[in-house]
Each structure stands twice: as C-alpha cells, then as structure tokens.
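Have a look at the structure below, then the notes.
The values are calculated or read from the model by the stated rules, or taken from the named source; none is laboratory data. From a predicted model like this one, the values you see are computed outputs, not experimental measurements. Reconstructed Cβ throughout: ideal geometry from the backbone, glycine too, with neighbour counts over all protein chains shown. Ligands, DNA and RNA are stripped out before the accessible areas are found, and what is left, the full protein with its side chains, is counted by its heavy atoms. Shrake-Rupley method; radii C 1.70, N 1.55, O 1.52, S 1.80 Å.
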Amino acid sequence: MECLPHKKTIGIWMSDKKSQKLNWKEFIKSCASHGYNLVRLDLDIPLEEQRPINVFLHKLTDVIAAADHGDSKASVIINRVEQYLSNHPNITVIDPLDNVRILLNRYCYYTILQNEPSLYKQGIFTPSFAEFTTNNIEMNIEIMRQRGVKFPVICKPTIAHGSKSAHDMIVIFNEKGLHVCKPPCVVQNFVNHNAVLHKVFLIGDRYHICERPSLKNFYASEDLEPIYYSTGEVCKADSQSTLSILDPHDKADITLTLNEDKIKTIIRILRKRIGLLLAGFDVVIDNMTGSHAVIDINVYPSYDNFPNFFEHLLDSIQEAENRNVNIYNNGDCNGVYGEEFLGHKINGLINVGMDPIKYGVTGMNIN
Ligand SMILES: Nc1ncnc2c1ncn2[C@@H]1O[C@H](COP(=O)(O)OP(=O)(O)OP(=O)(O)O)[C@@H](O)[C@H]1O
Ligand SMILES: O=P(O)(O)O[C@H]1[C@H](O)[C@H](O)[C@H](OP(=O)(O)O)[C@@H](OP(=O)(O)O)[C@@H]1O
Ligand SMILES: [Mg+2]
C-alpha cells in the first residue's frame with residue numbers, strides 16, 4: 001500500500017489464510033477516509049526498519065500459541081513484537097498480546113465465565129467442564145464426577161488456536177468413549193440446542209449477531225461410538241452437515257428465541273474480564289430451560305456479514321487511539337492495567353474508560 005504524508009499509520013499483521021478473506025481494497029479506502037495509511041508488517045525483519053506506526057492491528061494467535069509452546073521461530077517473532085511495542089508505548093495495540101493470551105486456552109476462558117456468579121442468576125451459563133492432562137481414564141472419570149460433567153460431552157483441545165487441530169471436536173457418549181481423548185483437552189457438557197448456533201461478533205462497543213448451523217441434539221448412551229467433526233464442517237454459514245439434521249423425535253416444534261439482554265450481559269462481562277476490542281463468542285440455547293450457554297470465545301473472528309465492518313472497525317480504532325493518546329499524554333506511559341485476572345494483569349489500554357456498550361449494529365440501543 002502506498003503511504004501518503006500527514007496521515008497516521010495502521011500496521012497490520014495476520015495469517016495468509018485470514019488475509020485472503022479480507023477485502024483489502026475496501027479496507028484501504030476505509031482507512032484513508034478515517035485518516036490512516038495501512039501498511040502490512042513483515043515480522044521476519046525488525047519492525048524498527050519498517051514504517052513507524054500509530055496502531056498495531058493483528059491476529060497473532062497462531063504465532064503466540066506456537067511461541068508459548070516452544071516454537072523457536074515463533075518465539076523470535078513474538079519477542080520482536082513485544083520488544084518493539086515496549087519501546088513504543090504510544091502505539092495503540094489491537095489487541096494487547098496478554099489479553100489475547102487469555103483466549104488461547106479454553107480451560108482459562110471457561111473458568112472466567114464460571115467465576116461470574118451474576119451470569120447464572122440471569123439464565124446464562126457456561127456448560128460444566130473439566131480438563132484432562134493425562135490419559136488415565138479412571139482419573140479423568142473422577143475429575144468429571146468432581147466437576148459435575150456428564151455424558152454426552154464434547155471433547156475439545158485445550159489450546160483454542162494455533163493449528164487446524166484446535167477445531168477438531170469429538171462428541172463422547174459414555175465412559176468407554178473417553179479413550180479417544182488426546183490430552184491436554186477439555187470435556188464440556190453437551191447442551192441440546194436444536195442445531196442452532198448464535199455467533200456474536202464484537203468490535204469495541206458494537207456487536208452483531210448471526211445464526212449458524214450447529215449440532216443436533218444428543219443423549220448419553222452406552223452403545224454409541226464417539227462422533228468426530230471439525231467446527232468448519234458443521235458451523236459455517238453454508239455448512240450442510242448431517243450432524244445438523246434433527247432426529248425425527250427431536251423435530252423442534254418450539255422456537256428458541258435469543259434474548260438480547262443476556263447477550264449484552266455477556267458482552268459486559270467479557271469486556272471487563274478479557275478486554276479485547278476484536279472478539280466473538282458463541283451461544284447455544286438450552287432447549288429445555290431456555291438458558292443461554294456460552295460455549296466458546298474467539299479472538300478476531302471472521303466478522304462474516306458484519307454490517308459496514310470496516311467503518312465500525314476504523315471508528316473503534318480511532319476511539320481506542322483517542323483513549324491511548326489521553327493516557328500517554330497524562331504521563332502514564334506504562335499503560336493502564338485493567339482488572340487483575342487469574343494472575344494475568346489485563347494490560348488493557350483499551351480497557352480504560354469502560355464506556356457502556358453503545359449499540360448493537362442491529363440498531364438496538366443499549367444503555
Ligand atoms: N457444550 C456444547 N454443547 C453443544 N454443542 C457444542 C458445545 N460446544 C461446542 N458445540 C458445538 O461445536 C461447535 C464448535 O465448538 P467451539 O465453538 O467450542 O469450537 P471452535 O472450533 O473453537 O469454534 P470457532 O470456529 O468458533 O473457533 C460449536 O459451534 C457448536 O456447534
Ligand atoms: O466465521 P467464524 O468467525 O466462526 O470463523 C472464525 C473461527 O471462529 C475462528 O475464530 C478462526 O480463527 P482460528 O481459531 O484462529 O482458526 C477464524 O479463522 P481466521 O483465519 O479468520 O482467523 C474463523 O474466521
Ligand atoms: Mg466456536
């Protein structure tokens with residue numbers, strides 16, 4: 001992208017896979033209309049040798065996950081990024097790497113939700129879960145018992161990003177099925193939800209909800225073998241998996257209606273506890289109780305069909321920058337910590353000034 005004078009600069013990095021899905025022409029146009037140049041950063045060369053930036057916009061989840069698990073090349077990249085950002089505290093980071101790290105580990109972010117007693121009272125929950133760190137079936141059965149995890153369960157890799165296998169799931173119906181688990185993994189109570197998934201995409205204080213195909217209803221059984229699937233096969237807008245076809249006895253005659261007040265409550269909790277500007281979460285509605293189960297939280301998701309995505313993104317970046325400029329000019333150059341979370345300081349410059357969620361881009365006013 002060419003650079004024009006007197007404009008601020010957004011430096012961006014994302015995987016090639018993600019980059020191919022982005023409408024770069026439209027993005028550059030939106031950046032320009034908001035007074036930004038857009039440059040793609042090359043993390044294989046020192047950032048000091050590249051154009052100075054005001055905003056660092058990234059999806060480094062795969063690289064962070066690899067670095068945190070000992071990959072030397074990934075570690076060089078993350079160290080380079082973190083050193084650069086430490087040397088340039090006035091750069092607005094979207095989103096701070098320590099905040100992103102929270103969402104790399106399913107056990108970690110499920111625990112955030114479980115530790116929010118206010119959610120349960122409002123008919124919101126995260127399904128009971130347990131983490132397997134060994135292949136010892138007896139130990140794992142005992143852990144499930146202690147944590148109220150009951151069949152059927154979904155087995156998911158503990159690490160939520162960083163490889164295709166992060167999305168490889170298994171539905172397990174009985175104890176003998178547990179031998180298929182590959183620790184470290186989490187097992188989570190399966191919530192029957194009539195094969196309808198609600199995806200919530202967040203950009204700062206803006207959100208958009210879309211429906212996606214999901215899994216049909218399942219029940220514990222001593223006779224059923226584990227069912228393997230990957231999220232992308234079942235839950236994309238155009239997915240047509242047989243796993244989404246309700247069994248005849250399950251033909252849903254009742255419509256499960258998403259409660260937007262519950263969604264706003266979840267958004268407030270995530271902003272307070274995780275503090276990401278670019279995130280998403282998945283909700284299924286328990287078809288017996290109507291309670292809303294938060295089953296997943298994502299870093300910088302696809303934002304498929306998010307209305308005027310680039311405009312909302314740039315507006316939010318400007319708002320985040322304005323907050324940072326105020327903090328930086330007030331001499332708090334080390335950034336402002338958000339709330340303590342499980343030992344991780346949420347180093348969230350964008351956490352500062354927790355404005356009420358302004359509105360859902362669906363036009364709902366939220367106070
Ligand atoms: N506890 C659950 N009960 C019922 N269905 C579930 C549960 N957890 C996951 N699922 C189903 O499996 C799918 C994938 O689960 P999840 O969203 O945790 O995986 P993921 O690969 O991280 O997804 P994403 O593509 O959003 O990152 C969900 O969209 C939903 O269809
Ligand atoms: O359409 P969605 O938002 O469900 O697809 C996302 C998916 O939820 C995950 O967030 C993917 O990220 P990873 O977990 O890192 O694989 C996204 O892939 P990406 O290449 O766009 O980052 C999907 O878009
Ligand atoms: Mg998901």
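R0 = 25 Å: FRET efficiency of E225 with T289, Cβ-based, nearest 0.05?
For E225 and T289, the calculated efficiency is 0.30.
Would you please give the residues with an amide H less than 5 Å from that of R40, counting only those at least 5 places away or on a separate chain, with H modeled from the backbone geometry?
Correct list: I12.
Hey, any idea what % of segment 1-61's accessible area is carbon plus sulfur with a 1.4 Å probe?
Carbon plus sulfur share of accessible area: 52 percent.
What FRET efficiency comes out for E233 versus V180 if R0 is 25 angstrom and r is the Cβ-Cβ distance? Round to the nearest 0.05.
Plugging the Cβ-Cβ distance into 1/(1 + (r/R0)^6) gives 0.90.
Let me spell out the model: positive unit charges on the Cβ of Lys and Arg, negative unit charges on the Cβ of Asp and Glu, origin at the Cα centre of segment 157-285. What dipole size does that give, in debye rounded to 20?
Details: 15 positive and 15 negative charges, 161 e Å.
Result for segment 157-285 is approximately 780 debye, rounded to the nearest 20.
With both partners inside the chain, how many of the DSSP beta bridges are antiparallel, as a percent to the nearest 5?
70 percent
Take each of the peptides 212-222, 185-195, average the number of other beta-carbon atoms within 10 Å over its residues, and list them starting from the highest.
185-195, 212-222
Work out from phi, with θ = phi - 60° and the Karplus expression 6.51 cos²θ - 1.76 cosθ + 1.60, the ³J(HN,Hα) of each residue of segment 178-190, listed in order in whole Hz, and give x for Gly and Pro.
5, 5, 7, 5, 10, x, x, 8, 10, 10, 10, 3, 7
Would you list, by chain and number, the lysines whose Cα falls below 25 Å from the Cα of K121, excluding same-chain residues fewer than 8 positions away?
Leaving aside lysines fewer than 8 places away in the same chain, those within reach of K121 are K150, K199, K262, K264, K272, K358.
Check C235: other-chain or 5+ apart residues with amide H under 5 Å from its amide H, H built from backbone geometry?
Residues meeting the amide H criterion: none.
I want to check the label-to-label distance for N308 and L22. Put each point 7 Å from Cα in the C-beta direction and report it in nm to one decimal.
Distance between the two pseudo-spin positions: 2.2 nm.
Two decimals is fine: what's Rg over Rh for the chain, C-alpha atoms, Kirkwood radius as Rh?
We get a ratio of 0.97 for the chain.
Please give me, ordered by residue number, the GluC sites (Glu not before Pro) of segment 1-106 that lie in loop per DSSP and have at most 15 other Cβ atoms within 10 Å.
Passing both the DSSP loop test and the Cβ count: E2.
Could you calculate the FRET efficiency of D42 with L85 from 1/(1 + (r/R0)^6), where r is the beta carbon distance between them and R0 is 25 Å, rounded to 0.05?
FRET efficiency, D42 to L85: 0.95.
To the nearest 20 debye, what is the magnitude of the charge dipole of the chain about its Cα centre, counting +1 on the Cβ of each Lys and Arg and -1 on the Cβ of each Asp and Glu?
Approximately 420 debye in magnitude.
Using Cα pairs under 8 angstrom and six or more residues apart, how large is the relative contact order of segment 9-71, in percent?
Here the relative contact order equals 54 percent.
Distance cut-off 32 Å, Cα to Cα: go down the list K182/K236; K8/K156; K18/K216; K7/K236; K25/K216 and report the pairs above it.
With Cα atoms farther than 32 Å apart: K8/K156; K7/K236; K25/K216.
Per residue, how large is the accessible surface of segment 230-322? Use a 1.4 angstrom probe and give square angstrom.
In whole numbers, segment 230-322 has 43 Å² accessible per residue.
Work out from phi, with θ = phi - 60° and the Karplus expression 6.51 cos²θ - 1.76 cosθ + 1.60, the ³J(HN,Hα) of each residue of segment 212-222, listed in order in whole Hz, and give x for Gly and Pro.
Once θ is set to phi - 60°, the couplings for segment 212-222 become 9, x, 9, 8, 5, 7, 10, 9, 4, 7, 6 Hz.
Among the aspartates and glutamates, which have Cα under 17 Å from the Cα of K29 when same-chain residues fewer than 8 positions away are ignored?
Of all the aspartates and glutamates, those that pass the test against K29 - Cα under 17 Å, at least 8 places apart if same chain - are E2, E311, D315.
Could you identify which residue out of I45, I203, I274 has the top mean-square fluctuation in a GNM of the chain using Cα springs shorter than 10 Å?
Among I45, I203, I274, the largest mean-square fluctuation in the Gaussian network model of the chain belongs to I45.
Search the structure for amide H atoms under 5 Å from the amide H of L197, placed 1.01 Å from N in the peptide plane, and list their residues when 5 or more places away or on another chain.
Hits under the 5 Å cutoff: R212, S214.
Please identify, among V200, V180, V39, the residue showing maximal mean-square fluctuation in a Gaussian network model of the chain using a 10 angstrom Cα cutoff.
Its mean-square fluctuation being the largest, the pick is V180.
With the contact rule set at Cα under 8 Å and sequence spacing of 6 or more, what percent relative contact order holds for segment 29-141?
Dividing the mean separation by the residue count of segment 29-141 yields 20 percent.
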